[in-house]
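Step one of this worksheet: look at the structure below.
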Protein chains: 2
Amino acid sequence: MLPTVNNNIVIALDAMGGDFAPLSVIQGASFFLDNLVDPGIKVFFHIYGDQKEVSPLLAKYKKVGSNSEFIHCSDNVLANDKPSFALRHRKDSSMKAAIEAVKKGKASGVVSSGNTGALMAISRFILGTLPNIYRPAIVSALPSKTKSFVLLDLGANVDCNADSLFQFALMGNIFAKIALKVDNPEVALLNIGTEEIKGTDSVRGAFELLRNVQGINFKGYIEASEFLEGNIDVIVADGFVGNVMLKTAEATASTFISLMKQEVLNSWMAKILVGVLLKSKLKRVLARFNPKVRNGAMFLGLNGIVVKSHGNSDAISFAHAIKFAVNAISENLNQMIISEVSNIE
Amino acid sequence: MLPTVNNNIVIALDAMGGDFAPLSVIQGASFFLDNLVDPGIKVFFHIYGDQKEVSPLLAKYKKVGSNSEFIHCSDNVLANDKPSFALRHRKDSSMKAAIEAVKKGKASGVVSSGNTGALMAISRFILGTLPNIYRPAIVSALPSKTKSFVLLDLGANVDCNADSLFQFALMGNIFAKIALKVDNPEVALLNIGTEEIKGTDSVRGAFELLRNVQGINFKGYIEASEFLEGNIDVIVADGFVGNVMLKTAEATASTFISLMKQEVLNSWMAKILVGVLLKSKLKRVLARFNPKVRNGAMFLGLNGIVVKSHGNSDAISFAHAIKFAVNAISENLNQMIISEVSNIE
């Protein structure tokens with residue numbers, strides 16, 4: 001059963017996490033309520049943060065104020081806190097209190113733009129993993145040339161055996177059904193070649209496990225050279241490789257954006273001859289791949305819905321992260337994972 | 001001593017490897033002789049390939065014809081051959097014969113655009129590794145925002161222990177001195193965070209080894225998000241991670257290039273208002289990051305100079321791969337590696 005307050009889905013918000021918090025969080029909640037609530041769904045917030053900073057915002061964004069309960073927290077996790085430090089010493093933090101709300105059944109999910117490592121460590125400690133899940137994974141939906149795809153693990157686990165990669169594939173498959181709205185997602189393992197003999201023991205072991213399982217549309221290996229072609233819905237890798245892939249793609253995209261701006265958009269030719277028209281066209285192309293406009297990542301395999309919004313989220317991207325959490329809850333993501341894993345193993 | 005014929009450096013060319021072979025190889029040799037030979041250096045080729053295909057080209061490109069010896073080979077390694085198959089069954093191939101020329105002292109180095117895995121497997125089998133080197137690595141010089149950097153391993157070794165990563169750092173350091181012409185290259189290990197506790201056991205082990213060694217300008221960890229910033233000269237990773245990083249960057253760059261062409265360069269506005277001027281500016285920006293214009297990779301740690309030109313090399317990029325091999329030979333790359341490793345270990 002979903003925890004509800006007057007038949008609303010309750011989301012716990014860490015108001016203090018992220019570069020532009022708490023403004024981005026409260027503005028984001030407001031944007032969500034105004035623009036992103038699906039028919040038939042009602043959302044209520046538990047907002048955790050520093051009273052002095054948050055109260056004025058709740059007074060200003062009245063719809064959030066009247067659709068939420070505010071809980072003061074005397075501390076918050078800092079962006080540079082080590083996960084182990086945050087776990088041990090940020091006991092009165094807004095992040096920890098928001099996660100505990102999920103544990104206690106006061107909320108169905110939590111959204112934070114705070115420190116990723118700390119959010120994973122504290123979530124894992126407080127919520128634990130779903131039944132039979134060895135390790136939680138960080139997943140995100142990313143743009144490709146033609147459609148979105150799902151990539152996991154993005155950094156929760158540096159070394160993974162075949163069983164863990166196999167479970168990431170199962171969880172990613174469920175996640176893709178909800179996040180991408182695809183019925184039978186195409187799932188592939190990231191490898192450095194497409195022949196069966198390539199790769200680490202873990203990757204080859206996961207290949208064997210996936211090849212022999214029913215109910216997964218397993219497509220074998222994918223190379224990084226193909227990752228933006230839009231042929232695959234779910235790409236599975238260990239957290240070291242997935243993290244490097246994501247950051248490499250983001251860095252390459254950002255570099256192109258800055259080179260374009262510097263060399264082309266700011267040239268006198270662009271200014272004089274083209275004006276706003278070509279600029280806007282170019283900007284639209286670039287924006288699709290700009291990491292800043294994406295709405296963050298989700299922690300899969302935890303006994304609770306935890307959505308990590310980008311650290312530099314603005315209100316709109318934070319609103320989309322809330323939307324993400326609400327969808328995962330209303331579509332029973334974790335129940336689907338539990339049932340998939342218990343059916344297969 | 002370098003093998004010489006009339007005081008020339010001798011390079012063995014696999015004329016049959018690559019998408020545009022043998023034309024790209026012979027044209028490339030011609031371009032090299034005309035444009036890329038440093039003063040005081042003379043280069044002579046041993047060219048291995050199919051007589052029917054290569055002889056007419058040698059007749060056409062006369063300078064190559066008169067600066068080379070041609071050796072007919074009845075077979076060649078195909079692009080899709082598995083390395084193990086090529087090693088066992090391509091005994092009369094141009095690739096194998098070219099590598100054997102180095103083993104026999106007839107040539108000082110080999111350049112091939114052929115199948116990377118086969119080139120590594122056959123080179124390793126025939127040439128072996130340098131004294132005290134555990135594993136050879138694939139290295140390439142890549143563009144960043146401000147300057148070039150060196151990345152290794154690009155895929156020769158999927159699992160690496162700390163000792164192997166440490167040796168990659170030593171070899172990459174030497175390679176960077178020659179390829180980038182930097183006196184004291186800044187070396188970093190690729191990791192998914194910059195704190196000391198992050199990463200796999202291998203990466204953390206290599207960190208400890210590098211931190212405690214003299215003569216390496218070790219800068220600690222680098223994250224993939226920083227790889228194009230131009231802060232580091234040598235980035236060290238295992239072959240799985242390095243391969244994913246390279247291919248992810250290339251795929252992202254290519255995707256941007258095609259999106260730009262499609263959305264901006266082909267728009268009526270660009271055509272009518274801007275014409276060739278802005279197009280050429282945009283193309284110049286894009287070209288710097290186009291993998292097709294790079295001149296390939298080198299295998300480090302083998303007992304012989306082996307340069308792998310891109311499979312889709314044209315004449316000019318093949319010519320630069322030859323230049324790369326000549327530099328490595330004339331600057332005693334392998335002697336420097338031997339001396340570095342023996343000094344340290």
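Please treat every number below as a calculation from the coordinates, not as lab data. Computed from a prediction, not measured in an experiment: that's the story for all the values here. All Cβ positions, glycine included, derive from the backbone under ideal geometry; neighbour counts span all protein chains shown.
Quick notes on this one:
- Distances between placed amide hydrogens fall under 5 Å for B:VAL77 paired with B:SER94, B:MET95, all partners being 5 or more residues away or on another chain.
- Exposure proxy order (Cβ contacts within 10 Å, fewest to most) of B:ASP163, A:ASP81: B:ASP163, A:ASP81
- Summarising the strand pairing of chain B, around 35 percent of its internal DSSP beta bridges are antiparallel.
- Charge tally around B:ALA118: other residues with Cβ under 13 Å, Lys/Arg +1 each, Asp/Glu -1 each, net +3.
- Close Lys-Lys pairs in the range A:141-244, where close means Cα under 18 Å and separation is 8 or more or interchain: 6
- Summing charges over all other residues whose Cβ lies under 12 Å from the Cβ of B:PRO83, with Lys and Arg as +1 and Asp and Glu as -1, gives +3.
- Evaluating 6.51 cos²θ - 1.76 cosθ + 1.60 at θ = phi - 60° for every residue in the range B:240-253, the Karplus couplings come out as 5, 5, x, 5, 5, 4, 4, 5, 5, 5, 5, 5, 5, 4 Hz, glycine and proline recorded as x.
- Reported to the nearest whole Å, the Cα centre-to-centre distance from the range A:127-203 to the range B:120-167 is 28.
- Options A:SER144, A:CYS160, A:ASN191, ranked by Cα towards positive dipole end of the range A:141-244, top entry (Cβ charges): A:SER144
- Residues in the range A:25-39 carry Karplus couplings, in order, of 6, 6, 4, x, 4, 5, 4, 4, 4, 6, 10, 10, 7, 5, x Hz; the curve used is 6.51 cos²θ - 1.76 cosθ + 1.60 with θ = phi - 60°, and Gly or Pro positions show x.
- Cross-link reach list, aspartates and glutamates versus B:LYS42, counting only Cα pairs under 16 Å and skipping chain neighbours closer than eight places: B:ASP34, B:GLU69, B:GLU331
- Distances between placed amide hydrogens fall under 5 Å for B:ILE305 paired with B:VAL110, all partners being 5 or more residues away or on another chain.
- Sequence-distant residues sharing a close amide H with A:HIS46 (under 5 Å, placed H): A:ILE11, A:ALA12, A:LEU13, A:GLU69
- Global form of the range A:141-244, assessed from the alpha-carbon gyration tensor, a/c cut-off 1.5: rounded
- Neighbour counts of other Cβ atoms within 10 Å put A:SER84, B:SER140 in the fewest-to-most order A:SER84, B:SER140.
- Dimensions (Å) - the protein assembly as shown, Cα atoms, principal axes, largest first: 91, 58, 50
- Summing +1 for each Lys or Arg and -1 for each Asp or Glu among the other residues whose beta-carbon sits under 10 angstrom from that of A:ALA162 gives -2.
- Beta bridge orientation in the protein assembly as shown: antiparallel %, DSSP, nearest 5: 35 percent
- Here the 3J(HN,Hα) profile of the range B:109-116, calculated from phi with Karplus coefficients 6.51, -1.76 and 1.60 at θ = phi - 60°, is x, 10, 10, 9, 9, x, 2, 4 Hz, Gly and Pro shown as x.
- Span from the the range B:6-68 Cα centroid across to the the range A:92-108 one, whole angstrom: 70 Å
- Sequence-separation-based contact order of chain B, relative, with Cα cut under 8 Å and 6+ spacing, percent: 23 percent
- Summarised as an ellipsoid, the range A:9-153 has semi-axes of 24, 21, 15 Å, derived from the eigenvalues of the Cα gyration tensor scaled by 5 and square-rooted, with the largest first.
- Ordering of B:67-74, B:315-322 by burial proxy (mean other Cβ atoms within 10 Å per residue, highest first): B:315-322, B:67-74
- Hits among aspartates and glutamates - C-alpha to C-alpha of B:LYS91 under 15 Å, sequence gap 8 or more where chains match: B:ASP14, B:ASP50, B:ASP75, B:ASP81, B:GLU100
- Taking every residue in B:232-241 and counting other chain Cβ atoms within 10 Å of its Cβ, the average works out to 3.
- Cβ-to-Cβ counts within 10 Å put B:LYS42, B:LYS52 in ascending order as B:LYS52, B:LYS42, the fewest first.
- The Cα atoms of chain A cover 62, 60, 41 Å along the three principal axes, with the biggest extent listed first.
- Length gained on full extension, A:SER330 to A:GLU229, computed as 0.36 nm times the residue gap minus the Cα-Cα distance: 33.3 nm.
- For A:198-205, mean number of other protein chain Cβ atoms within 10 Å: 3
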